[in-house]
Structures are given as C-alpha cells and as structure tokens.
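Let me begin by presenting the structure, written as structure tokens, before commenting on it.
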Amino acid sequence: AGRHLTTWSAEGGAEVPGTIRFELRAGAEVGRTEVKVKQPPSNRILYREGKLDWGTRFLTDLLQRDDTFRVTPVFDSFRPGIGLPPGAIAGMPVPEDLRLFDFIVLADVTGQQLPPSYQSALTRWVNDGGILVFLTPDDDASRGFAGSELEKIFPVVFDPNATSDHPNSELRSTSAPRSIPAQAPRLLSFAWEKTARVREIFVRMPEASLADLTPKFSTHAHVARAKPGAEVLARHPMEKGGDGQGSILLAAQRYGQGRSVVFATDSLWRWKLRHPADNRGPELFWGNFFAWLNRDREPGFSFDHPARHSPIEQDITLHVIGAGAKSITVAA
C-alpha cells in the first residue's frame, strides 16, 4: 500500500545543437519534456614544446584522456634547408591558422624561438579570443621574454636578470648525460590565494579530494612582479618575490576577448609519480584548470585607441567598447 518512487535516468544523443523532445510512457500515463542542447565549448589545444622534457608527454597524455580536449603536440624539428610558408616559423602554424586553436601552450619556449613578428601574431590571436598559457620552470626561458612583444599581454613582468638554480636541472638537460641524483627532489605545494576566483577552479571537485588536487611542484621560474589588474592565483609557499609576498607561480589576466596565463612551474609530472597509479589527482586538476579557463572566456571590454604614453597630471580620454550591462572596474 502507498506510493512507491524510484529514480531512473537515461541518456539521449544529439548530433547538432537545438531542442530535443523526450516522451515517457508508463501504462496510460505519458510524460513529456524538452531539453535544449548547446554547442559545447571547444577545447582545441596546440602544445608547443620548446625543448625535450618529461613533462610534455605527461601533460599531453593526461589531456588526451579527456574526449573534450583535442591536443596537437608540436616540437621544433626544423632543419636548415627546409622551406617554410611565408610568415611561418619552425614548430608553429602560419599566423592565419592560429584561429584553428582555442588554447596555445608554450612549454619551455624561449624568446629566441618566437621572433617579434610572430609574437605580434599571437597577441592578435589572444585579443580575438584565444587563451595563451606560458608554462616554464626555467629562468632561462622566462627572462628571454623580458621586454618582448608577448610580455605586454602577459599578467607578469619577467626578470631579465633571473638565474636558474634548480637542484633538479640535471634531469632536464639534453646535453651530456649526467647521473640522476639518488635523493628524490622535494615537492612543494601551491599556496593558493584565498579568492572566489581560485575556488571556481575546484568548484566541480568533491571536497574529499581537494587535498589530492593541490598541485605539487619541484622547480619554478622567477618573475619580477604582477601587473596591475592581473589575477595572482597561486604563490610559492616559502620563497618571497619582489613584492614581499610569495613568489608568483600562477597568474592570469584578460587581454581583449582572450586571456593570457603564466604557469611558472614544471608541469607537475613528479607530483603524479609520487601518487599510486590509480590516483587521478593531477589528471583532475589539469582537466578542470583548462575547463575553467574556457568557462571563463566571455567577451570582455577593450580600449579604442588607448593612450600608450600620457603626460603626467593631464587628463586622457578612454573609450570603453563592449562593456555590456554589467558594471566594470577600471584600475589605473
């Protein structure tokens, strides 16, 4: 006697966006509902490797396990005498084909590998909505972008005098073989900033697994400082930066309709090796991090003909385009 309820679910496929109607018949009862299907966000990733590194295989494999990501790993295999299309450089598509990707990861890429003309093409691509992630644990790579065209759109200012002094540098060398140290490198945890933006990265993760999802790194690059308006997401737990706070490990900022990100550590592959084989902490973190970057990609505002140089104590006029109905804050 009485009413008995049970939960039942089913999946329905959709080849194109639109409205799908479902109908459920149970005896004489008929239930109907409609579901709106939207085009999922695109996750086409170009992973450009500047030099051979354990982390490239690790990170590309993790992302390729998720069907929502399309990863194209590229390494600079250019040899003298091989012709390139006009505007192309070794290991990168021609500027017109950058639009085929939603993310570009520059892993251990140096400033010498990207001439100013191509850096300008990347700047335009970010302005049009692309997401550029600069990933490096080496000062050798980061200081090469100090004062460069790309540094203008990055959320941090690079230190041109930074020097690498990493205890694990012999693991990264591609020159003469060296012995691997007997002592395993020490791993340090990210010190996350206590902001709502950081919580958004982990919003879809169970609380019980948050401890496993805190990234652990062994090497990092040094940056001079964050730019005004940049979002500093994570810092070094012990080492101080130029602003007296923890050295910046992860920062992001909007540029036009896109975003630029600096990830100043290794790709966290040693963190994965410290876990049992069935632990998915690093995989969940990286997948959720890229998904967060894509979810956050909304048309932002831009400045029309900004005054790049302005006399002190004089007013300038800035025309804000595409601000929408939401209120905005402009920091000068």
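No lab work stands behind these numbers, since they all come straight from the coordinates. As the structure is a prediction and not an experimental result, all values here were calculated from the model. Backbone-built Cβ (ideal geometry, glycine too); neighbour counts: all protein chains shown.
Close amide H contacts of residue 223 (hydrogens built in the peptide plane, cut-off under 5 Å, sequence separation of 5 or more or a different chain): 248. Stretched out straight at 0.36 nm per residue, the stretch from residue 295 to residue 312 would grow longer than its current Cα-Cα span by 2.2 nm. Using the Cβ-Cβ distance between residue 9 and residue 127 with R0 set to 35 Å, the FRET efficiency from 1/(1 + (r/R0)^6) comes to roughly 0.25. Where in the range 1-23 does the label zone of residue 32 land, with the point 7 angstrom along Cα→C-beta and an amide N cut-off under 17 Å? It comes to 19-23, nothing else. Computed from the Cβ-Cβ distance with R0 of 30 Å, the FRET efficiency linking residue 146 to residue 52 stands at 0.80.
With 31 Å as the limit on Cα-Cα distance, the pairs of 152/326; 51/194; 36/216; 152/194; 194/272 that go past it are 51/194; 36/216.
Note on residue 97 and residue 61: their simple-model spin labels are 2.7 nm apart, each label 7 Å out from Cα toward Cβ.
Each Lys or Arg adds one and each Asp or Glu subtracts one; over the other residues with Cβ under 10 Å from the Cβ of residue 249, this totals 0. Proximity of backbone amide H atoms, modeled 1.01 Å from N, is registered between residue 72 and 45, 46, 47 at under 5 Å, excluding neighbours fewer than 5 places apart on the same chain. Highest mean first, the peptides 103-113, 273-283, 55-65, 23-33 sorted by other C-beta atoms within 10 Å per residue fall in the order 103-113, 55-65, 273-283, 23-33. Distance between the 7 Å Cα→Cβ label points at residue 72 and residue 19: 3.7 nm. Taking amide H positions as modeled 1.01 Å from N, with prolines and chain starts lacking one, the residues under 5 Å from residue 233 and 5 or more places away or on another chain are 250, 251, 252.
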